[in-house]
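Nothing in this text is a laboratory measurement; each read-out follows from the coordinates by a stated rule. Here the structure is a predicted model, which means the values were calculated and not measured. Reconstructed Cβ throughout: ideal geometry from the backbone, glycine too, with neighbour counts over all protein chains shown.
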Amino acid sequence: MARMKLDNYAVADAPRLGVRGWLRWIWRQVTSMRVALILLLLLALASIPGSILPQYPQDRAAALAFVESNGWWGRLLDATGFLDVFGSAWFTAIYVLLFASLIGCILPRIAVYWRQLRAEVPAVPRRLDRFELQDEAPASEGARDAFDRATAHLRRRGPFGWRVRVEERDARDGRELALSATHESLREAGNLLFHVALVGILIAVGAGSLLTYRAQAIVVEGESFTNAVVDYDTYEAGALFDESWLEPFTLSLDSFDVSFTVTGRAEDFTANVTLTEPGSEPLSTRIQVNRPLQVDGGKIYLQGNGYAPVVTVVDSDGEVAFSGAVPFLPQDAAYTSTGVVKVPDVTSGEQLGFVATLLPTAVDNGTTLVSAHPDLNNPVMLLRGYSGDLGLDSGIPQNVYVLDESQLSPLRDPDDAVWSVALTPGETVDLPDGLGSFTWEQTPRFAAFDLRTDPSLPYLLVAAILALVGLSFSLFAPRRRLWLVAPLADDAHAARSTVVRAAMLAPEHDAGAADEMRRVLDVATGRVRSIEEDE
Amino acid sequence: MTPQSLSLVTLWAATSLYAIAMVAWAIRLSRIADERVQAREAVVAEPATVAAGMTIPAPASGMGAGPVVLTEDDLPRRSAADRALGTARTAMIIGLLLHAVGLVTRGIDSGHVPWSNMYEYTITGSFVAVAVFAIVQARRDVSYLGAGVTGFATIALGIALTTLYSVSTGLQPALQSFWLVIHVSIAIISTGIFIVAFIATVLQLWQHARDEGQREVTGGGITRLRHRVHNAVAGWAEGAKWMAAVPKAMKLEALAFRLNAVGFVLWTFTVMAGAVWAEHAWGRYWGWDPKEVWSFVIWVLYAAYLHARTTQGWRGPRSAWVSVWAFVALIMNFTVVNLFFQGLHTYAGS
Ligand code: HEM
């Protein structure tokens, strides 16, 4: 069997392309309109799984649970990047190719555009009768006069309007004047600007992801935190972000105001804070959901809130083993909140742990207690306790909101049932077996603040605005070519019966083209005077 | 009457008026088609046939191009098409006014702009679609779109009032922003424009099918199925005589493009404004939340459509299909994504 020649198989007799020819062929394919189109369609298609399947960056827990519960199928999707679509190799490949295509397409077009701008307007076609848009009118004062007027009219909009060229040429019977005008450079400029701005957006986004950091701090009313990595609950930064860039300001949460309607819908969240930047006076201000606080080098957003009950645990030796505010995570709109209290530092004996549920407005729905409203109208805390080893010494960082029960056993009543109590604020309960006591002192709120800096934002905004402007010109600026032709008469008498013929080329959707052609013809032939002359 | 009940009453009234307008637009279309067909036949017909029948063809430049039926008083009657046009226009404009009252009273009732949940999007979006059509119609005759647009609005309003309805509430803190007004209103306006463009595109595809006629069913599997579907559509379009009153595919393509272009610029703005808002509210401008993913998909598909229009081998029906998929994604974003996908935008569903 003859070996199939990989290159130029489409055209059997074509000369072999060779490596360079081959590369050039690939490049031409990549930068063709058709490939750009297919890549765009692929980009849309490839995004869709990102909205259907759980994604690691958006919801790590859901993605892990998905893999867990779907066996080999889940593992396959995980391995092939479907659970992190927008970071996957194939998604990246599509947009990298698309932008390679874009750049490869745009650079030559800019060069062509530049040359066209300085080149002469193309000559008038020999025959005008093959164009769909045509008209003619008698010019009573001769061709030269008509063409002068038309030229002045067309040029009145300056460099972004019509480019005009008038020439004399031979016609079938004698000489004629021919005017050629184009009005398409603005549209092309807009199109180029749009595509270049898309590249700008991509660069800004890329640079931003390298230079950004994002952190979250949970602050209880009356407490504060300092802008440093150790003080954050979570912290992520781009590869080029340097922790030393964090400005060491301090933010304290003086109070947190909420307002809920009677039905429990949130109306307003306001964090009253004091910001102390190094070397300046403390500043009292507010942070609200849509109103982040601008600080040097970033913004602080109010991202969440909840209750942080202050609890005190006394151990079997009568010593205070734990005392402090513990943020409880709200689980629903009525702020049913769960929290975990870990007490590693007991004087003697085993470590203690507690799992608690806070019901801000507890009501009995017949079977269990539930919360009916997010305000503290009838607060109740449901508490269970554990003893054993909290597992804090293993060296693996632990989630503060989860109790690792693997080496713990639940506290039990004297009659061996699992110990579980309902507390009200200010109440103290004794733990079974003389292990100590648990007191619920107060119920302040906490606020979760996100801190973020992204130096690329201004550039991104500029690129986006340029894209929008470019797009508008690209779509709405006209793409028209106009021609006028009239015979040059030898004597004044013949001039009086000169007929100017006009033709125009414009896309089908351009509904205003015919009108403009007629207007130019009218101005040229004196049926109406140019707008300029009217003024 | 409270603003709430006034809003409901006016919206129901608008729904009924749109239904009437839809029927009238449809009648107008088929009457024009009749008149065209008859006018064409009249040109070929021998004058002798006039004596035999009761109908004489009107002169081409007479009181209207339609045939004139001889009645007792022998006056040429206003053409049926014109009467239907009058009804359609009146019903639509009054419907539009009542619709506007319904929106304003809803806004008064809830204390904020009426576009913060699905019910409100739907009533506002359908208003924009009809308004866009009315504006285009005022400038040139596009009455062949009338039945589609008012029909769409009737269905959308009906669904909104019967199943999506929710009592007005205040706004969640995350929505209390001037960006709600900007971002969502532009989104709704572009949606309204895309709806009208979509209807023009559907007509365009029918015209293509009609022009092409029946295909030979060849190939296997999907190709075969595609030919079958095409033949069904073509057969149907050939049978629908009102299609004679619909402009040529090229004209419809041009109209759809103009609308889609405006819609696309506004959608681009919507996505950008959404990113600015997300940056304010959530501290990141883009997070691939399901709603954001779909807004992106819609944007990319419409961009692909604009590309396809100028790509060799993709002109005509092929690029039209890309815009159909883009429109499907738009509707998906509004329905499926709102209702079933979890994300920061989920409050939109409530
Ligand atoms: C990031 C990917 C891209 C996007 C989002 C995009 C978007 C668009 C849009 C919305 C238009 C419509 C504007 C108009 O019709 O004037 C357009 C036009 C155009 N694009 Fe792109 N484009 C992309 C990549 C490319 C690439 C890779 C090429 C080159 C192969 C290209 C070449 C063109 C050309 C030549 C036009 C003008 C079509 C015309 O004559 O109207 N684009 N593009």
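For the reader, a short list of remarks on this structure follows.
- Inter-chain Cβ neighbour count for A:159-165, averaged per residue, equals 0 (cutoff 10 Å, partner chain atoms only).
- Separation between Cα centres of segment A:33-105 and segment B:222-274, rounded to whole Å: 30
- Cα Rg over Rh - segment A:17-116, Kirkwood: 1.18
- q = 0.13, 0.16, 0.18, 0.20 Å⁻¹: log10 I(q)/I(0) that the Debye formula gives for segment A:293-338, counting C-alpha atoms only: -0.53, -0.67, -0.72, -0.77
- Selection from A:Trp25, A:Phe82, A:Trp72, by position along the positive dipole direction of segment A:17-116 (Cβ): A:Trp25
- Residue by residue along A:287-294, Cβ atoms of other protein chains within 10 Å of the local Cβ number 4 on average.
- FRET E, pair A:Glu141, A:Glu120, Förster distance 35 Å, beta-carbon r, rounded to 0.05: 0.80
- Mean partner shielding of peptide A:51-58, defined as the number of other chain Cβ atoms within 10 Å of each residue Cβ, is 5.
- Since only B:Thr105, B:Asn231, B:Ser190 are under comparison, the one whose Cα sits farthest along the positive direction of the charge dipole of segment B:102-240, derived from C-beta charges on Lys, Arg, Asp and Glu, is B:Asn231.
- A:Trp90/B:Ile155 FRET efficiency (R0 30 Å; Cβ-Cβ; nearest 0.05): 0.15
- Relative to the current alpha-carbon distance between A:Ile26 and A:Arg75, full extension at 0.36 nm per residue lengthens the span by 14.1 nm.
- Positive-end ranking of B:Gly219, B:Ala273, B:Gln204 along the dipole of segment B:171-350, with charges on Cβ about the Cα centre, is headed by B:Gly219.
- Using a Förster distance of 25 Å, the FRET efficiency for A:Leu107-A:Arg34 (Cβ separation, nearest 0.05): 0.85
- Cα radius of gyration and Dmax for segment A:310-443 (Å): 14.8, 45
- With all projection directions averaged, the alpha carbon convex hull of the protein assembly as shown covers 58.4 nm².
- Per-peptide average of other Cβ atoms within 10 Å, ordering A:71-78, A:35-42, A:253-260 highest first: A:35-42, A:253-260, A:71-78
- Unit Cα scatterers, Debye sum, segment B:101-147: log10 I(q)/I(0) for q = 0.13, 0.31 Å⁻¹: -0.38, -1.05
- Dipole magnitude (debye, nearest 20) for segment B:171-350, charges at Cβ of Lys, Arg, Asp, Glu: 520
- Euclidean distance between Cα centres, segment A:322-369 to segment A:155-179, Å: 86
- Placing +1 on each Lys and Arg Cβ and -1 on each Asp and Glu Cβ, with no other charges, gives the protein assembly as shown a dipole about its Cα centre of roughly 6080 debye.
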